[in-house]
Amino acid sequence: MIENESNVAPGPNASTSTARRGILLGAAALAAGLGVTAAWWKPHAGTIAPLAEPIPGFWALQWSTPQGAPLLLQSYRGKPLLINFWATWCPPCIDELPLINAFFKQNSTNGWQVIGLAIDKPASVQGFLQKTPLDFPVAVEPLNGSDLARQLGNPSGSLPFSVAISAHGEVVQRKLGRLKQEELDLWAQLK
């Protein structure tokens, strides 16, 4: 006589087997979701729809330098602009600053402007700049800088974050994470 499997009582490992199966199915679903996201993201990674201006009221923004002087964004309008969001407590930010400084020195004659927007305390930025001077202007925005970064396409507000804005006021590139020389070389060709 053959027993019907539905009448057989589950063994002690049945719940463990079911849990393993659930974990494996969950991992497979997660991997599939990541694969679909990666497949979509790869061709779309650098594509940004041009905007008449990066965010409403963008050019009216003003910040303070670490010394307390005003830095008016309006005075940068009409030429390509790289804004780098950084902080003194962020190692990748500090690592990329010499690269951004070199970009500014090499491309300022071609009209490129750079602003470093420190999401930090003015005293910390002053101390840093005394040890490591930069050739481009630096502003400090400890409270609203992360909000601006989010509005410009950095949903997490993480650092470092860089945005390239064309002479026409369009966001043409953005990068979350440390910039590389190859990326800056490509950005230099945008205007």
Distance from region 69-105 to region 126-191 (C-alpha centre basis), Å:
5
What shape does region 40-181 take by its C-alpha gyration tensor, where a ≥ b ≥ c are the square roots of the eigenvalues and a/c under 1.5 counts as rounded, a/b above b/c as prolate, and the rest as oblate?
rounded
Tell me, what HN-Hα J-couplings in whole Hz come from the Karplus equation 6.51 cos²θ - 1.76 cosθ + 1.60 at θ = phi - 60° for each residue of region 162-173, using x for Gly and Pro?
10, 10, 9, 10, 6, 4, 8, x, 9, 6, 9, 7
Around ARG174, which amide H atoms from residues at least 5 apart in sequence, or from another chain, sit under 5 Å from its own amide H, with H modelled in the peptide plane?
ALA164
Tabulate in residue order the Karplus-calculated ³J(HN,Hα) for region 56-67, using 6.51 cos²θ - 1.76 cosθ + 1.60 with θ = phi - 60°, rounded to whole Hz; enter x for Gly and Pro.
x, x, 3, 6, 8, 5, 9, 10, 10, 6, x, 8
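Taking a ≥ b ≥ c as the square roots of the Cα gyration tensor eigenvalues, with a/c under 1.5 meaning rounded and otherwise prolate when a/b beats b/c, else oblate, which class fits region 146-187? Numbers along the way, then the final one.
Details: a/c = 3.28, a/b = 1.19, b/c = 2.76.
Note, shape of region 146-187 comes out oblate.
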Looking only at region 175-191, which residues have a backbone nitrogen under 16 Å from a spot 7 Å from the Cα of HIS168 in the C-beta direction?
189-191
For LEU117, which sequence-distant residues (separation of 5 or more, or a different chain) have an amide H within less than 5 Å of its own amide H, given hydrogens modelled in the peptide plane?
ASN84, PHE85, TRP86, ALA139
If each Cα of region 111-185 is one equal point scatterer, what is log10 of I(q)/I(0) from the Debye formula at q = 0.11, 0.13, 0.14, 0.28 Å⁻¹?
-0.31, -0.43, -0.50, -1.41
Report relative contact order for region 58-188 in percent, whole number only (criteria: Cα-Cα under 8 Å, sequence separation at least 6).
30
Lysines whose Cα lies under 26 Å from that of LYS175, excluding same-chain neighbours fewer than 8 positions away:
LYS42, LYS79, LYS105, LYS121, LYS191
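Arrange the following residues from fewest to most other Cβ atoms within 10 Å of their Cβ: VAL172, VAL114. Don't skip to the answer; put the middle values down first.
Values: VAL172 18, VAL114 24.
By the 10 Å Cβ count, ascending: VAL172, VAL114.
Evaluate E = 1/(1 + (r/R0)^6) for THR132 and GLN74, where r is the Cβ-Cβ distance and R0 equals 35 Å; express this FRET efficiency to the nearest 0.05. Before the final figure, lay out the partial values.
On the way: r = 28 Å, r/R0 = 0.80.
The value I calculate is 0.80.
Only the coordinates and a few stated rules stand behind these numbers; no lab work does. What you see is a predicted model, and the numbers here were worked out from it, not measured in a lab. Glycine also receives a Cβ, built like all others from the backbone with ideal geometry; neighbour counts cover every protein chain displayed.
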